[in-house]
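FYI, it's all coordinate maths here, none of it is from the lab. Computed from a prediction, not measured in an experiment: that's the story for all the values here. In this analysis, Cβ positions are derived from the backbone assuming ideal geometry, glycine residues included, and neighbour counts consider all displayed protein chains.
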Amino acid sequence: MHLTPTDKNRISGAFTVVREPARPDVAAQSDPKVIETVSSMLSDIERNGLPAVRRYAEQLDGWTGGDDFEIAAERIDGLTAQLPGDLRAALDAGAERTRRFAAMQRAHLTDFEDEVIPGVVCGQKYVPVQNVGAYLPAGRFPLLASAFMTIGVARTAGVPNIVSATPPSNQGGAHPAVLYAARASGADRIFALGGVQALAAMAFGLLDGVAADMIVGAGNAFVAEAKRQLYGKVGIDVLAGPSEVAVIADETATPTMVAADLLAQAEHGPSSPACLVTTSATLAAAVEIEIERQLAGLSTREIAGAAWRDWGSIYVADSAKTAAQIMDLLAPEHLEILAADTDFYLDNLHNYGSLFLGEWSTVAYADKGMSGTNHVLPTARGARYTGGLSVTGYLKQLTYQKATKDATVAQAQPVVTISDFEGMPGHRDSAQLRLDLLA
């Protein structure tokens, strides 16, 4: 997530590069070895079914539970009973707020029908996807809010059948807090299965006998590549790579806050990009110093430090307009505005996954579900053409039409003319038949 030479030629204003990675901006899931491994696994599982799933679960997750991957309700009760009360309350709050925002979105999606020309009525209606497979990651860090964004929002959209999977431990269980978050989000059935094998099992209907129509949820490079290869057989949410954060800041921002917010996302992984675009050279210099100071006391400094060292960037722009141009080219997943005039950026930015306006907003709030917006967002400049997962992602916008006999001439006669020109007699005959019935 840094400017290419082509990008730099497109920026009309002046800017200075303080630091940027020397390497190309290529997503981790583009590694040919990842692509080859995932392709082999998916083909094996599609061909051999549950025995292949079990084999990968045993090899990769240390699974010892045979073919029954479902986590029974009483097992979930036992695993979640000892979680701290304040954690349970926080997870309940995040699940409820995420569902509430999804319900607000759904309320603004309205079915309608209206007359296009006399006698021709067209309409649209929103219909939920029927079967969803939700993947709940639990790797280096258990991303507890993922259940809110996938299971909870799907429930709000009205999806009737949701299967969820989360990686097991070597003892065959699953992370208790992930299980609690899934329950709080409305999960019915949860399976102890991770990685590519989990996505394949849900896509091919190997867990509950029903093939998923859609696969959602974050994961590592192998999970992201599995979603890419399964797309078309099933729908997906977004092709998300390593988490990204960008900040636009002016002279009113504090180096302490800018540095903290950049590092908060950098600790997701050693390949997570973090970018600062500022209109203040003084702030740019201070942030570099502050990042090093904060890293010294951060327990995740090996991860966040590597991300900043290898993928961090800082640009000094000559104006707010230039800063906005730079960010629209980068199209970051998360974008914070720590500047006096937040309205300017709200009005002039076009490409971002989710926007955080002012010092009292931070990406960390949305990451943990506290603001209610969805944190499954496009990365690798995907925000140029799509938004993130939302209640609309689980709804199909379907159209329909109905016409009266009196509207036949207005539709059929132009169709005959166009079909004759195109040389498509079948279309012509379909329309002419109706014209003939009027005679």
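Under a 5 Å amide H cut-off, with hydrogens placed 1.01 Å from N, G235 pairs with M214, I215 among residues at least 5 apart or on other chains.
Taking amide hydrogens as placed 1.01 Å from N in the peptide plane, the amide H of K396 sits under 5 Å from those of V127, V129, each at least 5 positions away in sequence or on another chain. Among K402, K227, K321, the largest mean-square fluctuation in a Gaussian network model of the chain (Cα springs under 10 Å) belongs to K402. Converting the Cα gyration tensor eigenvalues of the chain into ellipsoid dimensions via √(5λ) gives semi-axes, longest first, of 40, 33, 21 Å. Taken one residue at a time, the phi angles of segment 415-426 give Karplus couplings (6.51, -1.76, 1.60, θ = phi - 60°) of 5, 4, 4, 5, 5, 4, 5, 6, x, 10, x, x Hz. Gly and Pro are set to x. Computed about its Cα centre, the charge dipole of the chain is approximately 620 debye, with only Lys, Arg, Asp and Glu carrying charge at their Cβ. Taking amide hydrogens as placed 1.01 Å from N in the peptide plane, the amide H of A174 sits under 5 Å from those of S169, each at least 5 positions away in sequence or on another chain.
Rounded, prolate or oblate, given the Cα gyration tensor of segment 19-87, with a/c below 1.5 counting as rounded?
The shape class here is oblate.
Remark: segment 388-397, residue by residue, has Karplus-estimated 3J(HN,Hα) of x, 5, 7, 4, 5, x, 9, 10, 9, 8 Hz, where x stands for each Gly or Pro and the curve is 6.51 cos²θ - 1.76 cosθ + 1.60 at θ = phi - 60°. Projecting the Cα atoms of G353, L87, T256 onto the charge dipole of the chain (Cβ charges, centred on the Cα centre) puts L87 farthest toward the positive pole. Overall shape of segment 200-304 was characterised from the C-alpha gyration tensor. The equivalent ellipsoid obtained from it has semi-axes of 40, 15, 9 Å, in decreasing order. Taking each DSSP H run with n ≥ 4 as -39500 (n - 2.57) and averaging over every residue of the chain yields -13000 deg cm²/dmol at 222 nm.
Report Rg/Rh for segment 155-218, rounded to two decimals, where Rg is the Cα radius of gyration and Rh the Kirkwood radius.
Answer for segment 155-218: 0.95.
Just the Cα atoms of segment 288-367, one point each, no solvent: what log10 I(q)/I(0) does Debye give at q = 0.12, 0.24, 0.26 Å⁻¹? Taken in order of the listed q values, log10 I(q)/I(0) reads -0.42, -1.26, -1.30. From least to most packed, judged by other beta carbons within 10 angstrom and beginning with the fewest, M1, M370, M424 follow the order M424, M370, M1. Just so you know, the Cα atoms of segment 1-139 work out to an Rg and Dmax of 25.0, 66 Å.
For the chain, what is the relative contact order in percent, using Cα pairs closer than 8 Å and at least 6 residues apart in sequence? Working shown, then result.
On the way: 871 pairs, mean separation 92.1, N = 439.
Across the chain, relative contact order equals 21 percent.
Only the Cβ atoms of Lys and Arg (+1) and of Asp and Glu (-1) were treated as charged; on that basis the dipole of segment 320-439 about its Cα centre amounts to roughly 420 debye. Rounded to the nearest whole Hz, the Karplus-based 3J(HN,Hα) values (6.51 cos²θ - 1.76 cosθ + 1.60, θ = phi - 60°) of segment 88-105 follow the sequence 4, 5, 5, 5, 4, 5, x, 4, 5, 5, 5, 5, 5, 5, 4, 5, 5, 4, with x at glycine and proline. Number of Lys-Lys pairs in the chain with C-alpha atoms under 28 Å apart and a separation of 8 or more places or on different chains: 12.
Here the mean projected area of the convex hull built on the C-alpha positions of segment 226-367 is 9.1 nm².
Ranking Y135, V238, T6 by how far each Cα lies toward the positive end of the dipole of the chain (charges on Cβ) leaves Y135 at the top.
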